[in-house]
1. Cα extents of region 31-134 along the three principal axes, largest first, in whole Å?
2. Efficiency by 1/(1 + (r/R0)^6): what FRET value for V31 and S74, r their Cβ-Cβ distance, R0 = 25 Å, to the nearest 0.05?
3. Distance in nm between label sites at D85 and S118, each 7 Å beyond Cα in the beta-carbon direction?
4. Please state the shape class of region 89-129: rounded when a/c is under 1.5, otherwise prolate if a/b exceeds b/c and oblate if not, all from the C-alpha gyration tensor.
5. Considering only A34, L70, F51, whose Cα is most displaced toward the positive end of the charge dipole of region 31-134, charges sitting on Cβ of Lys, Arg (+1) and Asp, Glu (-1)?
6. Which part of region 98-121 falls in the paramagnetic zone of V153, meaning amide N under 18 Å from the point 7 Å along Cα-to-beta-carbon?
7. Which order, highest average first, do 83-96, 47-60 follow once you tally other Cβ atoms within 10 Å for each residue and take the mean per peptide?
8. About the Cα centre, and with charges only on the beta carbon of Lys, Arg (+1) and Asp, Glu (-1), how big is the dipole of the chain? Nearest 20 debye, please.
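Just so you know, all these numbers are worked out from the coordinates, no wet-lab data involved. Being a predicted model, the structure only gives us computed values, none of them experimental. Neighbour counts run over all protein chains shown; Cβ positions are idealised from the backbone, glycine included.
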Amino acid sequence: MQLRPRDAVMDLGETQRWNFLELVRRAFECVPDAMILVDPLGVICFANDQFRALFGYSPVEVVGWPVERLMPESSRSRHLAHRRDYSNAPRVRTMGEGSALSARRRDGTEFPVEISLSPIRDGDWLFIAAAIRDVTNRQRLQGELVDARQAAVLAQEAADRAGRALTQKEDTIAAMSRLLNARLDGPSTG
């Protein structure tokens with residue numbers, strides 16, 4: 001018989017089980033990203049301390065909230081359908097692959113995020129662990145990189161045009177010089 005992790009936890013005594021749960025809580029706390037644990041109904045049942053820094057809410061304050069409360073109004077109803085679909089085929093993945101995601105802070109400001117989802121089963125219950133990362137700086141740097149590349153292309157095009165113009169002027173000067181030399185070297189009348 002193979003012992004599953006859940007069976008091992010259930011076989012622990014009450015004190016050991018609480019120690020195990022404390023270990024799980026600490027694991028969530030040492031993650032560098034904001035983390036939440038959402039129950040099958042989409043209700044937040046845990047948030048780590050990094051969540052406070054990112055969203056401005058205390059972790060205890062958000063327990064019991066629907067996860068959609070952390071989203072811009074325009075995304076909430078659409079997310080309900082996505083959450084139902086995810087529950088039917090849960091897997092470790094990045095949320096919103098290929099689309100821009102935003103979250104909403106306590107002060108109402110919206111910011112771009114990257115969210116990684118991981119299903120956690122407990123018997124018939126499916127919990128979702130979500131790691132949330134603010135990608136504002138990454139997007140800013142990507143924008144600056146695009147701008148720098150465009151500026152480099154424009155600078156190269158300007159240099160090419162200047163080079164062609166200089167070559168045309170050199171050709172004109174050379175032609176005028178040959179013409180002057182031909183006139184100066186031509187037959188003299190006298």
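1. Reported extents, whole Å, longest axis first: 36, 28, 23.
2. Numbers: r = 29 Å, r/R0 = 1.14.
With a Förster radius of 25 Å, E is 0.30.
3. My value for the distance between the label points is 2.4 nm.
4. Note, shape of region 89-129 comes out oblate.
5. So the residue we want is L70.
6. It comes to no residues whatsoever.
7. Details: 83-96: 12.8, 47-60: 17.9.
Result, highest mean first: 47-60, 83-96.
8. On the way: 26 positive and 26 negative charges, 73 e Å.
Its charge dipole is roughly 360 debye.
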